[in-house]
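Input: a single structure, listed below in structure tokens.
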Amino acid sequence: MCTRVQPLEWTTDLKNQNYDGILLVTQSHETLPPQLDCLKAPLQDYSSVDSGLGKDVVVLKVPGLPGNRLLFVSTGPVNRDYDDVRRFSDAAINGIKRALKTGMQRPLLVCPEHPEYKKSTLVAALGALHALYMPLEVRESNTKSSDYKVCVLGLWVPQEAEGKRLVQLADALESGRVAYRDIGGSDPERMAAPRVVEYVQELFKDSPVQVEVVSDLKILQKEYPCLAAVNRCANGVQRHQGRVIKLQYCGEGPVTTTLMLVGKGITYDTGGADIKAGGFMAGMHRDKCGAAAVAGFFQILAKLKPKHLKVVGAMAMVRNSVGSDCYVADELLVSRAGRRVRVGNTDAEGRMVMVDLLCEMKEKAVREVSPQLFTIATLTGHAIRAMGPNYSIIMDNGPAHRSGNAAQWQKAGEVLGDEFEVSRIRREDYEFHTGPSEYEDILQSNNLPSSATPRGHQTPAAFLIMASGLDKHGVILKHLFRTRTLILLGPVVLFLACQQERQSLQWLPTISLEGNFKLFHKGPINAFPHKKR
């Protein structure tokens, strides 16, 4: 089943009777623009009898409006030092949830643009779409009469010229987020590696995105030895066998920028031989959200078809199983780059499945136009300890830092409310992974969980640089760490940030992401509480 994006429409007519209710999202009814004067009077009347207006979602009966219903939800203050555009998405999420309780099936979302937040209307639309997402397993269960929670979501715009562009952009971005959530949030069996392949192939059928799948064990062992070690135990169970999914998009016209993405796709993380005990295993089906974000980004590319851009992606889909054939601490492995790696902790599997693919990207990059390398992971525990549960982390190596990369990402995230904290890869992180004996060049990890390790989200980025051989070439590395507990605009901000970077970055930039994969600031993807050692 492909992505199912909630149908969207736009209108300039507040009294369009094709809708059955209006959801108004704004800071205050007193500051509504003249085009919305017909909404101001009923809200003023209501405020005369209820001083709580603006604190809760309120439902008013207003004859003449669609469905005779007006729902109002205030964003609250948006001008304090600590306010940001997430006020609009939060309000829209709460408003749509209340609209569903009223029985609305054709809500019209009205969110006038705020002068300080130029994308506030789009952010509110994405918030509403988030609340309307129906999980893949529910869609496939045939227990619902429809794949959608409402028949259509209307978006009000003051002028016709804005409507088509708003709907086109919101639909494309949400399509990427749906793909991301389908893959990242689905359970370990529904999105085991072979079934991720099926989903991705169906998703990009008849699209400009090319899909290549590597499944042969001998090829995996030869080309991606570190990934093959993690896959070794799961490979004995046919439905859990690992896959490398390669994606490519090439826009019209001469290529001016090439983006090269590697995403962590651990379909389930038991911890391996260093097993996650004490209840910490629940929720580890979301350890594939880095690869899911890569797929979501390509879906946005397929929809918007940006010109002069080439994107190459790799999804490392592997299950970190435990059993008689699992890889163990103390093993010595030789990476694709020829670096001898000593395993320190089998629960540090994400860096293992990505490192050889990153090395392959490095090899290909010398033949590309203005290549930029990215890794996207889910080092949740330490990222949450360092930054809290609602923020993702971006890290640059030295060349990327000098280009101002992370600041551009942070700025792009602020536009749509996918907030980043900036971290740095330091010399201590490289020293941490230096092999302590003659046996190994690189130590994969210490024997502690990353969440209990000082600089536990920075050192894995250094490992990727060292074990892939990037440290031998003065390459720009951008490492993005996202935690699985935050709801994400992930593929959306990736698209926006890359659009900003296309004219400013030089040879071989590499990005690494770590941080929070919650699905949009409110609550985990499923009922499991988030835990990470």
Report summary line: Residues in the stretch 446-472 that are under 25 Å from E360 (Cβ atoms), more than 23 Å from the chain's Cα centre (by Cα) and open to solvent by 10 Å² or more (accessible area, probe 1.4 Å) total 3
**Report entry** Hits in the stretch 364-394 (condition: surrounded by fewer than 24 Cβ atoms within 10 Å (Cβ to Cβ), under 15 Å from G469 (Cα atoms) and at pLDDT below 95)
**Finding:** A365, V366
Query raised in the report: Which numbered condition trips up S324, out of (1) open to solvent by less than 20 Å² (accessible area, probe 1.4 Å); (2) of a type in the set (S, T, Y); (3) assigned to a loop (DSSP other than H, G, I, E, B)?
Result: (1)
Query raised in the report: Among all residue pairs at least 6 apart or on different chains, which show Cβ distances below 6 Å where the first residue, located in the stretch 215-237, is among the basic types (K, R) and at pLDDT 95 or above and the second is surrounded by fewer than 22 Cβ atoms within 10 Å (Cβ to Cβ) and not in a loop (DSSP other than H, G, I, E, B)?
Result: none
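Taking the criterion of being open to solvent by 30 Å² or more (accessible area, probe 1.4 Å), part of a loop (DSSP other than H, G, I, E, B) and more than 30 Å from I300 (Cβ to Cβ), would at least one residue in the stretch 227-236 satisfy it? Write out each step before concluding.
We begin by selecting, within the stretch 227-236, every residue open to solvent by 30 Å² or more (accessible area, probe 1.4 Å); these are 232, 235-236.
Then keep just the ones that are part of a loop (DSSP other than H, G, I, E, B); that gives 232.
If we keep only those that are more than 30 Å from I300 (Cβ to Cβ) too, we end up with 232.
Yes; the residues of the stretch 227-236 include at least one that is open to solvent by 30 Å² or more (accessible area, probe 1.4 Å), part of a loop (DSSP other than H, G, I, E, B) and more than 30 Å from I300 (Cβ to Cβ).
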Report summary line: Among the residues of the stretch 365-397, the number that are touching a residue at least 24 places away in the same chain (Cβ under 8 Å) and not in a strand (DSSP E or B) is 18
Query - Residue, surrounded by the fewest Cβ atoms within 10 Å (Cβ to Cβ), within the stretch 237-260, restricted to residues that are in contact with a Ser or Thr (Cβ under 7 Å, 6 or more places away or on another chain) and part of a strand (DSSP E or B) - result: T258
Query - G350 in a helix (DSSP H, G or I) and open to solvent by less than 10 Å² (accessible area, probe 1.4 Å) - result: yes
Report summary line: Here the residues within the stretch 189-226 that are surrounded by 21 or more Cβ atoms within 10 Å (Cβ to Cβ) and of a type outside the set (F, W, Y) are M191, A192, A193, V196, V200, L203, L220, C226
Requested in this report: Say whether the condition of being acidic (D, E) and either crowded, with 19+ Cβ neighbours inside 10 Å or under 18 Å from the mean Cα position of the chain (by Cα) (or both) is met by at least one residue in the stretch 131-150.
Outcome: no
Report summary line: A careful count of residues in the stretch 403-442 that are under 22 Å from F463 (Cβ atoms), free of Cβ contacts under 8 Å to residues at least 40 places away in the same chain and in a helix (DSSP H, G or I) gives 5
Report task. Only residues in the stretch 443-467 that are under 24 Å from Y224 (Cα atoms) and touching a residue at least 60 places away in the same chain (Cβ under 8 Å) count as the first member; pair them with residues that are among the acidic types (D, E) and open to solvent by 20 Å² or more (accessible area, probe 1.4 Å), Cβ under 6 angstrom, at least 6 apart or cross-chain, and list the lot. Result -> I465/D471
Query raised in the report: Which members of the stretch 59-112 meet the condition of being open to solvent by less than 10 Å² (accessible area, probe 1.4 Å) and farther than 18 Å from G154 by Cβ?
Result: V78, V85
Query raised in the report: If you take the residues of the stretch 138-195 that are among the β-branched types (V, I, T) and not in a loop (DSSP other than H, G, I, E, B), which of them is nearest to V110 (Cα to Cα)?
Result: V167
**Report entry** Which listed residue is open to solvent by less than 10 Å² (accessible area, probe 1.4 Å), in contact with a Cys (Cβ under 8 Å, 6 or more places away or on another chain) and of a type in the set (G, A, S), from G296, G263, G272
**Finding:** G272
Report task. Inspect the stretch 120-139 for any residue being at pLDDT 95 or above, of a type in the set (S, T, Y) and over 30 Å from A234 (Cβ atoms) and give the result as yes or no. Result -> yes
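The values are calculated or read from the model by the stated rules, or taken from the named source; none is laboratory data. Everything quoted here is computed from the prediction, not taken from an experiment. In this analysis, Cβ positions are derived from the backbone assuming ideal geometry, glycine residues included, and neighbour counts consider all displayed protein chains. With ligands, DNA and RNA removed, areas are computed over all heavy atoms of the protein, side chains included. Shrake-Rupley method; radii C 1.70, N 1.55, O 1.52, S 1.80 Å.
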